[in-house]
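A short write-up of the structure that comes next.
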Amino acid sequence: MTDITGDAHDTGHHRTGGWHARPETPADTAAVRAVNLAAFETPLEADLVDALRADPSWLPGLSYVAEGPDGSVAAHALLTRCEVDGVPALALAPVAADPAIQRSGAGSAVVRALLAAARERGEALVLVLGHPTYYPRFGFVPASRFGIRAPFEVPDEAMMALVLDDSVPVPQGTIGYPEPFGI
């Protein structure tokens, strides 16, 4: 149910910029793989999503798609469990949009809906290794500001963090990724 302000209530469905974002269903698996294959130069991200689905880090309800007007899957974003110095956090990866509709807002819509779902579930921290000009629009800042670092060499501005619940202390230390990330 969506109220007149556009806020979704309890259904997990969000509409942003004309894109309908919702939790992935089993029927979306092939379309999610297709979007990831189209969005990236290699199949690594598509294979990562498939591997994460079978991993204990997978959190049901935190894999979202954005649908085009015809109901087809146009974008996908995924949050899985990671940790910082043993404290649970979320990793945002991958985020993919069909190249035919990139820069149309589908990717932003699916990320905003996914982050809202994580906040509603009581999650406190999201980490992303991504483009430093794209993710700040969602509130991400360099993770180093919190004393969080990647377990590999990465430009400081590309490893970012978003605090969803500022009543919870932000952990410091090195990010521990789920096994399928191969890190």
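The values are calculated or read from the model by the stated rules, or taken from the named source; none is laboratory data. Quantities reported herein were computed from a predicted structural model and do not represent experimental measurements. Every residue, glycine among them, receives a Cβ derived from its backbone with ideal geometry; neighbour counts consider all protein chains shown. When the accessible area is computed, the model is the full protein with side chains, heavy atoms only, and any ligands, DNA or RNA have been set aside. Shrake-Rupley method; radii C 1.70, N 1.55, O 1.52, S 1.80 Å.
Structure data summary
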item	result
Out of 116, 158, 106, sole residue that is over 30 Å from residue 69 (Cβ atoms) and aliphatic (A, V, I, L, M)	158
Qualifying residues in region 60-85 (those that are under 15 Å from residue 127 (Cα atoms) and touching a residue at least 60 places away in the same chain (Cβ under 8 Å)) - the one nearest to the chain's Cα centre (by Cα)	80
Residue within region 10-32 that is at pLDDT below 95, of a type in the set (Asp, Glu), in a loop (DSSP other than H, G, I, E, B) and surrounded by fewer than 16 Cβ atoms within 10 Å (Cβ to Cβ) present	yes
Test: residue in region 142-160 that is buried (at least 20 other Cβ atoms within 10 Å of the Cβ) and in contact with a helix residue (DSSP H, G or I) (Cβ under 7 Å, 6 or more places away or on another chain)	yes
Verdict on residue 86 being surrounded by fewer than 16 Cβ atoms within 10 Å (Cβ to Cβ) and at positive phi	yes
Tabulated pairs, region 21-37, first within 10 Å of residue 65 (Cα to Cα) and in contact (Cβ under 8 Å) with a residue 40 or more places away in the chain, second among the basic types (Lys, Arg) and surrounded by fewer than 19 Cβ atoms within 10 Å (Cβ to Cβ), C-beta under 8 angstrom, 6+ apart or interchain	21/15
Residue that is most open to solvent (accessible area, probe 1.4 Å) [pool: residues in region 97-132 that are farther than 15 Å from residue 59 by Cα and part of a loop (DSSP other than H, G, I, E, B)]	103
Meets criteria (open to solvent by 20 Å² or more (accessible area, probe 1.4 Å), in contact (Cβ under 8 Å) with a residue 40 or more places away in the chain and either over 17 Å from the mean Cα position of the chain (by Cα) or within 15 Å of residue 64 (Cβ to Cβ) (or both)) for residue 180	no
Given (1) assigned to a strand (DSSP E or B); (2) more than 15 Å from residue 63 (Cα to Cα); (3) open to solvent by less than 70 Å² (accessible area, probe 1.4 Å), index of the condition residue 170 fails	(1)
Residue 139 being open to solvent by less than 60 Å² (accessible area, probe 1.4 Å), over 27 Å from residue 65 (Cα atoms) and either free of Cβ contacts under 8 Å to residues at least 24 places away in the same chain or of a type in the set (Gly, Ala, Ser) (or both)	no
